[in-house]
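Asker: Handing you a structure now.
The values are calculated or read from the model by the stated rules, or taken from the named source; none is laboratory data. A quick note: this is a predicted structure, and the numbers were derived from the prediction, not measured. So basically every Cβ, Gly included, is an ideal-geometry build from the backbone, and we count neighbours across all protein chains shown. These accessible areas exclude ligands, DNA and RNA; they are computed on the full protein's heavy atoms, side chains included. Shrake-Rupley method; radii C 1.70, N 1.55, O 1.52, S 1.80 Å.
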Amino acid sequence: MSDDRSTPWTGYAPVQAWDEAMDVHGEVREPYQRVYAEIDRMSGDDLYSRAEALASSYLAQGVTFDHAGEERPFPLDIVPRVVGADEWDVIAPGIAQRVRTLEAFLADVYGSQHCVTDGVIPRALIASSKYFYRAVHGVDPANGVRVHVSGIDLVRDQHNIWRVLEDNVRVPSGVSYVLSNRRAMSQMYPDMFGAMGVRPVLEYSQRLRAALAKAAPDGVDDPTIVVLTPGVFNSAYYEHSLLARTMGVQLVEGRDLETLNGRVYMRTTAGRRRVDVIYRRVDDDYLDPVQFRPDSALGAPGIVTAARLGNVTIANAIGNGVADDKLIYTYMPDLTRYYLGEEPILPIVDTWRLEEKDAREEVMDRLHELVVKPVDGSGGKGVVIGSKASPEELDATRRQILEDPRGWIAQPIIQLSTVPTLTDGGLEPRHVDLRPFAINDGDDVWVLPGGLTRVALQKGQLIVNSSQGGGSKDTWVLGGVRHRGAAAPPPEAKVELEGVDAVPQDAHPEDWSHGQQQQQQQQQHDGGEVSGS
């Protein structure tokens, strides 16, 4: 740190949590040294002007999210998060191992349920899960993959241990922000990418398309793939549009699809065209009005039957939400040992199952020092942090737990790691989590280098979700190809990502009636899809 002048780092001081950039003695950790030096050469005004340019760029591109019914630019912090190669070499295999366990569990749950008969997990736990769908029991996907895309949320605790916080294998969202963040940051710091060997992320779309193509029904050599969106009013429509365009496939709504003789077709100006793979961003309940909600206008009648007949692949598979249940989460270490015969690489957070009497009694006595979460919640909704709750809120939580013990878990309060974040008062530590994304093509689980870092912008806030006012950071994983001296702008800077309208110019006449149902679907998650699954 400079002694004779003020820099953006002046006054930066780590708090109780593990700070990823600097230790308690003020020494910069190795992965951050180049970033520290680059910012140290700037004035505060220079750093703020870059941040303003970044925000203006996002607003112009329509990179937004829904917060309390209002579309807002998604905050991207000017300081990247840096993850060392040695750390990533543990995280990536840990994520891949977890995805393989989840795949095995889902195949078992919707098949023979050996995990129940062998006493690994109680039958009642599966049967009582909100997201266990008997309508798809026995449906076998073409290449055995149910979790084509996953977003596994990680936290780094105060002891510098990476832990799995929750699993998202229904319709995991947020990867569009990873891609957009990288493009924006590669323009802000073009020289550092090559010099630091930051691993690229923009191959994600082609990896996803290849995995979806491999999931096509048997005998289909050149599959037609579509992205199914709830529509223009959905909070993650920007992401749906971007992924469809960068994969080179059609973006469709439920009204664009129809089923005939057990097959799914897309309506086009040239007539019907058979659809082989549907990458759906519509919740299970709204996907097929024949099987689920009869009033749904977001899906297409009959696609579950088509999937059961093996004529179309739905990615991710219907019913995956049973694996997202936070009570199932507590059994994941045992399930990893049971299905893979391996010890978990990434530990989970210690968790009390409140349906168990002894655990419930202990939690009731310690409620003021724990975190209580609904098992089917997302986006930070319903979470009660005991140390910050009022006596009235704690009493209300006790009543909710007693009324529905199956619906809640409790965990210790984890001091999430902090990273330097630009605030009105300069650079300050802020808490973060990480959502790495993984793609499973049936032969290999590929983990996107980095993922979505969400940052709590308010001082001391531990809930990082966008629906709770959080922002994001570009996540730089080191260990790629390094260039000596000033490198040319990375390929990431040249890839065209903007130009995806938040809302199409020519809206369908029925959009307004559909919009109400789209908003109802997203409210089941969090009021902003990036925040939840």
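Asker: Take the residues of the stretch 2-25 that are more than 23 Å from residue 431 (Cβ to Cβ) and surrounded by fewer than 16 Cβ atoms within 10 Å (Cβ to Cβ): which is farthest from the chain's Cα centre (by Cα)? Steps first, answer last, please.
Answerer: Residues of the stretch 2-25 more than 23 Å from residue 431 (Cβ to Cβ): 2-7.
Of the ones still in play, those that are also surrounded by fewer than 16 Cβ atoms within 10 Å (Cβ to Cβ) are 2-6.
Numbers: 2: 38, 3: 41, 4: 43, 5: 41, 6: 38 Å.
Going through the qualifying residues, I end up with 4.
Asker: Ok, one more. Testing residue 477 on (1) more than 17 Å from residue 63 (Cβ to Cβ); (2) more than 16 Å from the chain's Cα centre (by Cα); (3) not in a strand (DSSP E or B), one condition comes back false. Which one is that?
Answerer: (3)
Asker: Which strands (runs of 3 or more DSSP E) sit wholly inside the stretch 312-417 and have at least 1 residues that are closer than 29 Å to residue 442 by Cα?
Answerer: Working: elements: 313-315, 370-374, 408-412.
In the stretch 312-417, the matching strands (runs of 3 or more DSSP E) lie at 313-315.
Asker: Residue 310 - would you say it is open to solvent by 20 Å² or more (accessible area, probe 1.4 Å) and within 17 Å of residue 216 (Cα to Cα)? Can you show your working first?
Answerer: On the way: open to solvent by 20 Å² or more (accessible area, probe 1.4 Å): yes; within 17 Å of residue 216 (Cα to Cα): yes.
Taking the combined requirement at face value, the residue satisfies it.
Asker: To continue, here is another question. Could you go through the stretch 26-39 and let me know if any residue there is at pLDDT below 90 and surrounded by 17 or more Cβ atoms within 10 Å (Cβ to Cβ). Before you say what the answer is, go through the steps one by one.
Answerer: Step one: list which residues in the stretch 26-39 are at pLDDT below 90, which gives none.
Looking through the stretch 26-39, none of the residues is at pLDDT below 90 and surrounded by 17 or more Cβ atoms within 10 Å (Cβ to Cβ).
Asker: Another question about this same structure. Residues of the stretch 364-384 being touching a residue at least 60 places away in the same chain (Cβ under 8 Å) and open to solvent by 20 Å² or more (accessible area, probe 1.4 Å), which ones?
Answerer: 376, 381, 383
Asker: Another question about this same structure. Among the residues of the stretch 262-279, is there at least one that is under 30 Å from residue 75 (Cα atoms) and touching a Ser or Thr at 6+ places or on another chain (Cβ under 6 Å)? Walk me through how you get there before you give the answer.
Answerer: Taking the stretch 262-279 first, the residues under 30 Å from residue 75 (Cα atoms) are 279.
Next cut, touching a Ser or Thr at 6+ places or on another chain (Cβ under 6 Å) only: none.
Taking every residue of the stretch 262-279 in turn, none turns out to be under 30 Å from residue 75 (Cα atoms) and touching a Ser or Thr at 6+ places or on another chain (Cβ under 6 Å).
Asker: If you don't mind, there's one more thing I want to ask. Do any residues in the stretch 332-352 that are under 26 Å from residue 413 (Cβ atoms) and free of Cβ contacts under 8 Å to residues at least 24 places away in the same chain have Cβ atoms under 9 Å from those of residues that are open to solvent by less than 70 Å² (accessible area, probe 1.4 Å) and of a type in the set (Val, Ile, Thr), where the two are at least six apart or on different chains, and which pairs are they?
Answerer: As it stands, the answer is 333/348, since those pairs meet every condition given.
Asker: Given the conditions (1) open to solvent by less than 50 Å² (accessible area, probe 1.4 Å); (2) modelled with pLDDT of 95 or more, which single one is not true for residue 239?
Answerer: Condition not satisfied by residue 239: (2).
Asker: Go over the candidates 201, 139, 164, 120 one by one and state the one that is in contact with a helix residue (DSSP H, G or I) (Cβ under 8 Å, 6 or more places away or on another chain), within 26 Å of residue 237 (Cα to Cα) and either modelled with pLDDT of 95 or more or among the aliphatic types (A, V, I, L, M) (or both).
Answerer: After applying the criteria, what remains is 201.
Asker: Follow-up. Name the residues in the stretch 115-127 that are open to solvent by 30 Å² or more (accessible area, probe 1.4 Å) and either among the charged types (D, E, K, R) or within 25 Å of the chain's Cα centre (by Cα) (or both), would you?
Answerer: 118, 123
Asker: Something else now. Mind checking which residues of the stretch 408-448 are of a type in the set (Ser, Thr, Tyr) and open to solvent by less than 10 Å² (accessible area, probe 1.4 Å)? Before the answer, list the steps.
Answerer: Filtering the stretch 408-448 for residues of a type in the set (Ser, Thr, Tyr) gives 417-418, 421, 423.
Result: 417, 418, 421.
Asker: Here are some residues: 178, 155, 198. Which one is open to solvent by 10 Å² or more (accessible area, probe 1.4 Å), of a type in the set (Val, Ile, Thr) and in contact with a strand residue (DSSP E or B) (Cβ under 6 Å, 6 or more places away or on another chain)?
Answerer: Details: 178 fails: open to solvent by 10 Å² or more (accessible area, probe 1.4 Å); 155 fails: open to solvent by 10 Å² or more (accessible area, probe 1.4 Å).
That would be 198, the only listed residue that is open to solvent by 10 Å² or more (accessible area, probe 1.4 Å), of a type in the set (Val, Ile, Thr) and in contact with a strand residue (DSSP E or B) (Cβ under 6 Å, 6 or more places away or on another chain).
Asker: Now for a different question. Across the stretch 338-352, what is the total count of residues that are among the charged types (D, E, K, R) and over 24 Å from the mean Cα position of the chain (by Cα)?
Answerer: Within the stretch 338-352, the subset among the charged types (D, E, K, R) is 342-343, 350.
Right, trim to over 24 Å from the mean Cα position of the chain (by Cα) and you get 342-343.
Counting residues in the stretch 338-352 that are among the charged types (D, E, K, R) and over 24 Å from the mean Cα position of the chain (by Cα) gives 2.
Asker: For residue 199, indicate whether it is among the basic types (Lys, Arg) and more than 19 Å from residue 249 (Cα to Cα). Walk me through it before giving the result.
Answerer: On the way: among the basic types (Lys, Arg): yes; more than 19 Å from residue 249 (Cα to Cα): yes.
For residue 199, the condition - among the basic types (Lys, Arg) and more than 19 Å from residue 249 (Cα to Cα) - is met.
Asker: Continuing with the same structure: Looking at the stretch 149-194 only, could you name the residues that are among the small types (Gly, Ala, Ser) and under 13 Å from the mean Cα position of the chain (by Cα)?
Answerer: First, pick out the residues of the stretch 149-194 that are among the small types (Gly, Ala, Ser): 150-151, 173-174, 176, 180, 184, 186, 194.
Hits for the stretch 149-194 are 150, 151, 173, 174, 176.
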